[in-house]
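Written below as structure tokens is the structure these notes are about.
The values are calculated or read from the model by the stated rules, or taken from the named source; none is laboratory data. All values derive from a computational prediction rather than experimental measurement. Every residue, glycine as well, gets a Cβ built from its backbone with ideal geometry; the counts of neighbours run over all protein chains shown. For the accessible areas, the whole protein counts, side chains as well, though only heavy atoms, and no ligand, DNA or RNA atoms are used. Shrake-Rupley method; radii C 1.70, N 1.55, O 1.52, S 1.80 Å.
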Amino acid sequence: MNNAIAGFSKLSKEEKINWIAKEYFSNPKEAIAIIKQYWNSNEKLQLLHDEFIENTITNFYLPMGIAPNFLINGKYITVPMVIEESSVVAAASKSAKFWSTRGGFKTNVLNTEKIGQVHFIYKGDFKKLEQFFIDKKNKFFSATESMTKNMQKRGGGVLDIELRNKTSELENYYQLHATFETKDSMGANFINSCLEQFAKTLKEEAICYDTFSQEESNIEVVMSILSNFVPNCIVRAEVSCKVEDLAEKNIENPLAFAEKFVRAVRIAEIEPFRAVTHNKGIMNGVDAVVLATGNDFRAVEAGVHAYASKNGKYSSLSHAKIENGVFTFWMEIPLALGTVGGLTSLHPMVKLALEILEKPSAQELMQIVAVTGLAQNFAALRSLTTTGIQEGHMKMHINNILNQFVANEEERKVIAKHFEINSITHSAVVDFIENLRK
Ligand code: MEV
């Protein structure tokens, strides 16, 4: 089958759908009906979504759930989460409730610096390049004044620009390494615009710099782009309580629980195979709020995992200790988030999510997101070190299996009763339904 097509983007939405349906489905009519079933009946709203990306044919639903009872620095927050994994919202809510009666979450933003770089090739004397940079540094700021004016009014802008010599790693390779404060916006567009102007200024100023030779004056800009590694845009989230206060239904011996919990975190600190899964659990919470608030989850994921390997080995993002009878569990993660700009003012569900969060600043959102990640990590470790993860997972997943089998009300009742006392596995549920229907 040759499915190559020229000029696909020029086709109308209807033509695109017809082409897909004809090329890939034995029953094109049915495929078209499914695609259209997910269109919004409000045409204006549908058009808004269509125009977020290219070649849109329909919408792809993910559920938005609510995790209430997050006590953060003494204030209750209700957290909207967008995620497909069945147990995540329940786990977040359970953790939130657990910690709300044990002092809640304590958070603070340590710093908010973003980074961008102009990567360039300079063939010549480094001393001369250094002097050129000292002489021309102000030009980089003045040339971007029109772009930074508004950001400066909001307390942000370009913080600094450094010249970095990377020639020990790649021949003739240098950088303009710039730092930015972007306040409530994530700042990607602002940073990239500034960087592209820095690159232009760099080339223009080099061409007419007296002491450069012909070759030296001919700087080659390879690229100008922000970095999603933001090790100086860090938020800290923490919970702590007396060890004996950890006691609960499944935590009969709180000291044994706390010690096992700390050991589980320690394993994730030293063992990368475990650390990746441990951090994935944190990202279950982080991504769900990042998505709900219209932020760039790929940027967050890339930055967080780079941070997890900042010491040369991939490790746990969270840490735990018992000191003087007090259990403390905390993490510091980089989060470059925005609550203005981008999708935040465009996507109606994002606006709604931000409203549920009481219109947070970017710094407040960093704290909420970090807390949700820590709560998720607590819930996962708590299950793993006590009942095992499958009990909770399968309880939530059973519904998906029942939906897959289009179980009716009567069947659901019988199945629920049976699995109250029998252990839930995918195959046990499937076998039970099949037997029931024989
Ligand atoms: C599943 O989505 C996340 C966990 O695997 C996290 C963990 O193992 O810590 C349960």
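Details
- Meets criteria (within 30 Å of Gly388 (Cβ to Cβ) and charged (D, E, K, R)) for Glu15: no
- Taken over region 249-272, the criterion of being away from the ligand (no atom under 14 Å from the Cβ), open to solvent by 30 Å² or more (accessible area, probe 1.4 Å) and either among the hydrophobic types (A, V, I, L, M, F, W, C) or under 22 Å from Met331 (Cβ atoms) (or both) is satisfied by Leu255, Ala256, Glu259, Val262, Ile270.
- Filtered by the rule that a residue be part of a helix (DSSP H, G or I) and in contact with a Phe, Trp or Tyr (Cβ under 8 Å, 6 or more places away or on another chain), region 115-134 gives Lys128, Leu129, Phe132.
- Screening Glu358 with (1) assigned to a loop (DSSP other than H, G, I, E, B); (2) free of Cβ contacts under 8 Å to residues at least 24 places away in the same chain; (3) of a type outside the set (A, V, I, L, M, F, W, C); (4) under 23 Å from Ile72 (Cβ atoms) gives one miss only, at (2).
- When region 78-114 is limited to residues that are under 26 Å from Ala188 (Cβ atoms) and not in a loop (DSSP other than H, G, I, E, B), the one that is farthest from the ligand (Cβ to nearest atom) turns out to be Lys114.
- Checking Asn69 against (1) of a type outside the set (D, E, K, R); (2) touching a Lys or Arg at 6+ places or on another chain (Cβ under 9 Å); (3) in a loop (DSSP other than H, G, I, E, B), the condition it does not meet: (3)
- Meets criteria (touching a Lys or Arg at 6+ places or on another chain (Cβ under 8 Å) and in contact (Cβ under 8 Å) with a residue 12 or more places away in the chain) for Ala370: yes
- Looking across region 203-242, just one residue is part of a helix (DSSP H, G or I), in contact (Cβ under 8 Å) with a residue 24 or more places away in the chain and small (Gly, Ala, Ser), and that is Ala206.
Residue by residue, here is whether (1) more than 26 Å from the chain's Cα centre (by Cα); (2) in a loop (DSSP other than H, G, I, E, B); (3) surrounded by 17 or more Cβ atoms within 10 Å (Cβ to Cβ); (4) more than 16 Å from the ligand (Cβ to nearest atom) holds:
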{"position": "Thr372", "(1), (2), (3), (4)": "no, no, yes, no"}
{"position": "Asn377", "(1), (2), (3), (4)": "no, no, yes, no"}
{"position": "Glu391", "(1), (2), (3), (4)": "yes, no, no, no"}
{"position": "Glu420", "(1), (2), (3), (4)": "yes, no, no, yes"}
{"position": "Glu434", "(1), (2), (3), (4)": "yes, no, no, yes"}
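- Selection of first residues in region 18-43 that are over 12 Å from Thr58 (Cα atoms) and of second residues that are open to solvent by 70 Å² or more (accessible area, probe 1.4 Å), restricted to Cβ pairs under 6 Å at least 6 apart or on distinct chains, gives the following pairs, ordered by first then second residue: Pro28/Lys22.
- Single match in Gly338, Gly303 (criterion: assigned to a loop (DSSP other than H, G, I, E, B) and closer than 20 Å to Asn111 by Cβ): Gly338
- Entry remark, region 393-418: residues being part of a loop (DSSP other than H, G, I, E, B), within 26 Å of Ile83 (Cβ to Cβ) and not β-branched (Val, Ile, Thr) number 2 in total.
- Residue in region 314-323 that is surrounded by fewer than 17 Cβ atoms within 10 Å (Cβ to Cβ), under 20 Å from Glu238 (Cα atoms) and of a type outside the set (A, V, I, L, M, F, W, C) present: yes
- Residue within region 47-59 that is open to solvent by 50 Å² or more (accessible area, probe 1.4 Å), in contact with a Phe, Trp or Tyr (Cβ under 7 Å, 6 or more places away or on another chain), more than 16 Å from the ligand (Cβ to nearest atom) and in a loop (DSSP other than H, G, I, E, B) present: yes
- Residue satisfying all of: in region 277-320; of a type in the set (Val, Ile, Thr) and within 15 Å of the ligand (Cβ to nearest atom); nearest to Ala379 (Cα to Cα) among these: Ile282
- Considering Ser193, Ser224, the condition of being under 25 Å from the mean Cα position of the chain (by Cα), of a type outside the set (Asp, Glu) and within 30 Å of Ile368 (Cα to Cα) is satisfied by Ser193 alone.
- Taken over region 151-201, the criterion of being assigned to a strand (DSSP E or B) and loosely packed, with under 14 Cβ neighbours inside 10 Å is satisfied by Leu159, Asp160, Glu162, Arg164, Asn165.
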